[in-house]
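K.L.:
This is the structure, below, for whatever I ask next.
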Amino acid sequence: MRAWNRFAAFTSLGVSLLAGVGYATWIANEVRPARRKLERFNREHLAGVVILALAIFELWPQPVPLQAVQPRPVDEWLADQPGQFSIMELPLTSALGAPQMLYTRYHGKRITFAYGTYYPYWYRAEFPELQECPEAACLDLLSSWDVRFLLLNMDDVPAGPVLAPKLDESLSLKRMAQFGDIVVYRLLR
């Protein structure tokens, strides 16, 4: 199963069908045998109201956190940079997330990372150098991909704050700016 949410939808459908059959059987075997029609009517309605109340309680809507559909300040800054080049975001757990696809819409630059349904282990296996940034092998790989700027997401705890001093100490990187939780480094190679 590629997407678990599809499985969950079919499972919910099956469970609701089974619940309906169970409810109908329960009404037929336990509630309806009451001797008086009025008593049977009240018991059926009471059982229906209780089950409906439980279903409404379970489905009560809660606020859902959403991704803002607007450019980040760093995206506007990248869009103002002349020429076409590639960018890389660190750490990889931040780079390989869904919002990154949205941000490309605003800055229009090439990216050296992507997003898939699940964390793409092949990316880490194919490019192990990226796990060791800012080592020379990582920076050489990024340079070969025409990467001009590295974006460090400080909000990705603990990796972001741990990487910051290492990137600051690298002689191959120059700290350009900080936009909120995103620190921009220029690759000097």
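The values are calculated or read from the model by the stated rules, or taken from the named source; none is laboratory data. Keep in mind that what you see is a predicted model, and the values were worked out from it rather than measured. Cβ sites come from the backbone with ideal geometry, for glycine too, and all protein chains shown count toward neighbours. Areas reflect the complete protein model, heavy atoms only, side chains present, ligands, DNA and RNA absent. Shrake-Rupley method; radii C 1.70, N 1.55, O 1.52, S 1.80 Å.
K.L.:
If packing is taken as the average count of other Cβ atoms within 10 Å, what order do 23-31, 95-103 fall into, highest mean first?
P.N.:
The densest-packed peptide leads the list: 95-103, 23-31.
K.L.:
How much area per residue is accessible in the chain when the probe is 1.4 Å and only protein heavy atoms are counted (Å²)? Before the final figure, lay out the partial values.
P.N.:
On the way: 12450 Å² over 189 residues.
For the chain, the solvent-accessible area averages 66 Å² per residue.
K.L.:
Express the carbon and sulfur contribution to the solvent-accessible surface of the chain as a percent, rounded to the nearest whole number, probe 1.4 angstrom. If you can, show how the numbers build up before the last one.
P.N.:
Values: 7610 of 12450 Å².
That fraction is 61 percent.
K.L.:
Right, something else. How far is it, in nm, from the label point at GLN131 to the one at ALA114 when both lie 7 Å from their Cα along the line to the Cβ?
P.N.:
Spacing of the two 7 Å Cα→Cβ label points: 2.0 nm.
K.L.:
Now a separate question. Based on the Cβ-Cβ distance from VAL162 to MET101, what FRET efficiency comes out when R0 is 30 Å, to the nearest 0.05?
P.N.:
Numbers: r = 26 Å, r/R0 = 0.85.
With R0 = 30 Å, the Cβ-Cβ based efficiency is 0.70.
K.L.:
Can you compute the helix-only [θ] at 222 nm over the chain? Use -39500 (n - 2.57) per DSSP H run of at least 4 residues, normalise by all residues, nearest 500 deg cm²/dmol.
P.N.:
-15000 deg cm²/dmol
K.L.:
In nm, what is the difference between 0.36 nm times the number of residues separating SER86 and GLN70 and their Cα-Cα distance?
P.N.:
Length difference between fully extended and current span is 3.7 nm.
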